[in-house]
Structure formats: structure tokens, C-alpha cells
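Following: one structure in C-alpha cells, then a few remarks.
What follows draws every value from the coordinates through simple rules; no lab data is involved. From a predicted model like this one, the values you see are computed outputs, not experimental measurements. Cβ placement follows ideal geometry from the backbone for every residue including glycine, while neighbour counts extend to all protein chains displayed.
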Amino acid sequence: MPSKHLVDPEIAPLVEQFPGFAFDLATLDATRAMMLEMGQANRPPPPEVAVAERFIPGPPGAPDVRVVVSAPRTREKAGPGILHIHGGGYVMGAAEMTLATDAAYAAALGAVVVSVDYRLAPETRTPDPSRTAMRRWRGCTPRRPCWAWTPRGSP
């Protein structure tokens, strides 16, 4: 379905410069692979940041949810928590595709960054991906920080 009529006329000339591509079920696997390949071109996290893969309970009746946790290797006190939901319109992407950015936040802010690897559509029907991602945020308060649910010993 054409959507160029939805583009702001001020930026339409810029959009016209982008190459077109087909995005449908026939091209979805190749598009996902290309996006992950671009994300893997990230530089490695700085040595002062620990990165760990964890699995946390999913919604009732659903599989566990994979998260990638980036955190300073040493923390003197509790710091901020950032829940990162990767881009990809709920149809592509992965938690580690922005690892360099997540690690930079961890280093610069002393934050624990949790990037959610939610299940993708169309294999998983909506609203499950957004519910899975947002379920991680539920209940976070200054007295109950968002990383409180990560396993003991995680970064």
C-alpha cells in the first residue's frame, strides 16, 4: 500500500533520495538478516562494562524472555535503570543490535541497561511483542528499581 502521501512535504525531497525496497513476507527473512548484520558491526563494549544474556519469566503460558544486560563492572551505589526496547517495528531486530549504545549508557551514566529481545511479528501476533517488552517495566519505582528482577550476580 503506498504511503508517500503521509510524508511531510518539507522532508519529501529527502525521502525520495532513499532507495526503495520491498518489505513483505517474501523478503522478511532477508531484511531481518540484513538488519542484524548491520547491528553486529557495532564496536565491542568498553572494558568497564559487563554484558550478560539472561532469561526472565515471560507472560503466563509464554516462553521466557531473553534480555541483554549491560552494566558497569563496578558500582558503588544503586544507579539508574534503562529499559531498552530495540527498533524494528516489532517485526525485526534483536536485543544486541544496539549493544554499543547500551554499553555507552552504562559507562556514562552508571546505569544498568536491559535490552529486551521480544518475540517478533508476524510469527507472534500483536499485542504480544509490546506486552512482553512493557511487562519488564511494570512495577519499577525509585524504591523498587527496574533491575531488581535480574538474577543475583548479574551485571
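Numbers below:
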{"item": "Mean Cβ neighbour count within 10 Å, used as a protection proxy, ranking 93-102, 61-70, 6-15, 45-54 highest first", "result": "93-102, 61-70, 45-54, 6-15"}
{"item": "Highest to lowest packing among 107-114, 85-92, 26-33, scored as the average C-beta count within 10 Å", "result": "107-114, 85-92, 26-33"}
{"item": "Cα centroid separation, the range 57-71 to the range 74-96 (Å)", "result": "12 Å"}
{"item": "Label point distance in nm, Ala108-Ala30, each placed 7 Å from Cα along Cα→Cβ", "result": "3.7 nm"}
{"item": "Interatomic Cα distance distribution for the range 1-120, bins of 5 angstrom, percent", "result": "2, 10, 15, 17, 15, 14, 11, 9, 5, 2, 0"}
